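What follows is a single structure, written as structure tokens, with notes after it.
The values are calculated or read from the model by the stated rules, or taken from the named source; none is laboratory data. This one's a predicted model, so the numbers in the text were calculated from it and none came from an experiment. Every residue, glycine among them, receives a Cβ derived from its backbone with ideal geometry; neighbour counts consider all protein chains shown. The protein model used for the area step is the full one, side chains on, heavy atoms only, and it has no ligands, DNA or RNA in it. Shrake-Rupley method; radii C 1.70, N 1.55, O 1.52, S 1.80 Å.
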Amino acid sequence: MKKLLILALLLAAPMAYAADKYACCNYEETPLHGLYTNLSRVEFFGGVSFLNKHWSENNQTLEIGDTGFTGGIAFVRNILPFLTLGLDGNYTGFSTGGLFTTGGGQDVKYRSGTATALVTGRVYLFPRSMTRLYGTGGVGAGYMYAREKNQTTGDRTIYDSTDFAWMLGAGLEFDIDETVVFGAEGRYNWVGLRSDMKDRFGHDNFTYWTVMLKLGVKF
């Protein structure tokens with residue numbers, strides 16, 4: 001909760017600054033660089049994912065996964081030069097975690113992943129510049145699965161869940177030319193757990209970090 005409050009405050013500061021700085025300005029002319037009202041973009045993301053923390057069971061560390069990869073696609077549109085709304089789809093896969101011995105004495109390993117579909121928003125600093133900073137957030141739906149593999153018998157069991165999801169993050173981007181944007185973005189991700197996942201692992205949410213590069217096209 002402390003992390004969420006800190007990130008929310010960080011997002012609020014640039015929003016207040018941008019609103020004060022750019023509300024007075026006339027953006028009727030379409031610039032060659034930067035952002036402006038009614039600008040649309042398609043963006044492609046790719047990078048790495050990190051678990052926020054491991055769980056524990058029977059006084060053991062339960063690694064539901066390990067450092068992995070993430071990728072996604074987003075559509076965003078500027079409703080003001082410093083403010084965007086959009087849609088974001090993202091998949092994150094975690095590598096296989098360490099060996100874990102269940103209460104029944106079985107040695108198992110887990111491999112997991114998430115998929116999210118979010119409505120997102122961004123608040124930009126310096127929207128008319130070729131290089132821009134922004135804060136971002138999103139809410140929507142998240143799916144998570146965990147595949148349990150018995151190391152002795154080779155049997156596999158899948159646990160999964162679909163529930164509410166959200167993310168907060170920050171990014172840096174710059175214009176390569178009039179239409180192409182390149183940048184980097186970091187996110188803190190939260191996915192709710194229910195049904196099989198909650199029953200098996202005894203937790204009602206899963207959190208992780210993603211760090212991604214992005215390539216976008218303006219139109």
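A few notes on this one:
- Dipole magnitude for segment 124-195: computed about the Cα centre from +1 point charges on Lys and Arg Cβ and -1 point charges on Asp and Glu Cβ, it is near 280 debye.
- For segment 50-62, backbone phi angles converted through the Karplus equation (6.51, -1.76, 1.60; θ = phi - 60°) give residue-by-residue couplings of 9, 5, 5, 6, 8, 8, 9, 7, 6, 6, 10, 7, 9 Hz, Gly and Pro being listed as x.
- Relative intensity, log₁₀ I(q)/I(0), of the chain from a Debye sum that treats every alpha carbon as a point, q = 0.09, 0.11, 0.13, 0.14 Å⁻¹: -0.42, -0.59, -0.76, -0.84
- Share of carbon and sulfur in the accessible heavy-atom surface of the chain [1.4 Å probe, %]: 61
- Distance between the 7 Å Cα→Cβ label points at TYR91 and THR152: 3.4 nm.
- Ranked by the mean number of other Cβ atoms within 10 Å of their residues, highest first, the peptides 150-160, 44-54 fall in the order 44-54, 150-160.
- Based on Cα contacts under 8 Å between residues 6+ apart, segment 68-219 shows a relative contact order of 17 percent.
- Semi-axis lengths (Å, descending) of the ellipsoid that matches the C-alpha gyration tensor of segment 22-146: 43, 12, 12
- Of the residues TRP209, TRP55, TRP166, ranked by 1.4 Å probe accessible area with the largest first, the sequence reads TRP209, TRP166, TRP55.
- Between 0 and 90 degrees, the angle of helix 2-22 with respect to the longest Cα principal axis of the chain falls at about 10 degrees.
- Taking the Cα centre of segment 82-219 as origin and assigning +1 to Lys and Arg Cβ atoms and -1 to Asp and Glu Cβ atoms, the resulting dipole is close to 80 debye.
- Shown for the chain: lysine pairs separated by 8 or more places, or found on different chains, whose C-alpha atoms are under 19 Å apart, numbering 7.
- Accessible surface, per residue, of segment 38-145 when the full set of protein chains is kept, probe 1.4 Å, Å²: 41
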